[in-house]
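To keep things clear, I will list the structure first and then write my remarks on it.
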Amino acid sequence: MKKLFTILLFMLTIGFAVNSQAQCNAYFTYTVDSTGYGVQFTDYSYPDSLATIVSWSWDFGNGQTSTQQNPYFTFNDTMNIVCLTIYTDDSCYNTYCDTVFTSQSPCANFYATTSVTNETSAGNDGAID
């Protein structure tokens with residue numbers, strides 16, 4: 001029984017050491033399209049030199065997700081927290097989150113007209129409506 005315990009402990013120690021040495025880094029950039037709502041994400045994640053990224057998990061912060069490497073997503077809000085988690089074939093995983101700002105205009109076709117009244121040559125005594 002003591003030998004079995006020693007072997008299991010040794011196996012767990014080796015397994016932990018292998019996993020703790022694996023390193024991977026999730027990272028992405030994004031570009032907002034001309035509509036101001038659509039965002040193209042570009043994955044720049046990288047594993048350690050011996051591993052390969054096998055899956056991507058995107059969380060767009062509103063209940064929507066994607067498993068594509070470089071997804072395109074349309075937002076309804078101007079500020080969104082987006083997270084990317086990568087997984088590698090050597091059991092490494094890492095998450096990167098960033099605040100994504102879209103540039104929707106608050107008002108479309110907003111116009112204003114003014115009229116100046118009761119201004120004299122002395123200045124600063126009129127009104128703008």
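The values are calculated or read from the model by the stated rules, or taken from the named source; none is laboratory data. Bear in mind the structure is a predicted one, so any value in this text is a computation, not a measurement. Every residue, glycine among them, receives a Cβ derived from its backbone with ideal geometry; neighbour counts consider all protein chains shown. Keep in mind that these areas ignore ligands, DNA and RNA; they rest on the heavy atoms of the full protein, side chains included. Shrake-Rupley method; radii C 1.70, N 1.55, O 1.52, S 1.80 Å.
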Checklist entry - Working out 0.36 nm times the residue gap between Tyr72 and Thr52, then minus their Cα-Cα distance, what length gain in nm do you get to one decimal? => result 4.9 nm
Checklist entry - Ranked highest first by the average count of other Cβ atoms within 10 Å around their residues, in what order do 82-93, 66-77 fall? => result 82-93, 66-77
Checklist entry - Largest first, what is the accessible-area ranking of Thr65, Thr95 with a 1.4 Å probe? => result Thr65, Thr95
Checklist entry - Among residues other than Asn80 whose Cβ falls under 12 Å from its Cβ, what is the net charge (Lys/Arg +1, Asp/Glu -1)? => result -3
Item to check | Under the Karplus curve 6.51 cos²θ - 1.76 cosθ + 1.60, θ = phi - 60°, whole-Hz ³J(HN,Hα) for the range 82-92, x wherever Gly or Pro sits | outcome: 10, 10, 10, 10, 10, 10, 10, 6, 10, 6, 8
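What is the local net charge at Phe60, summed over the other residues whose Cβ is closer than 15 Å to its Cβ (Lys, Arg +1; Asp, Glu -1)?
Numbers: positive: none; negative: Asp43, Asp59, Asp77, Asp98.
The answer is -4.
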Next on the checklist: Residue by residue through the range 39-52, what is 3J(HN,Hα) from phi via Karplus (6.51 cos²θ - 1.76 cosθ + 1.60, θ = phi - 60°)? Round to whole Hz and write x for glycine and proline.
Outcome noted: 10, 9, 9, 10, 7, 10, 5, 8, x, 5, 5, 9, 10, 10
Checklist outcome for this item: Two pseudo-spin positions, 7 Å from Cα along C-beta at Gln40 and at Thr95, lie apart in nanometres by 2.8 nm
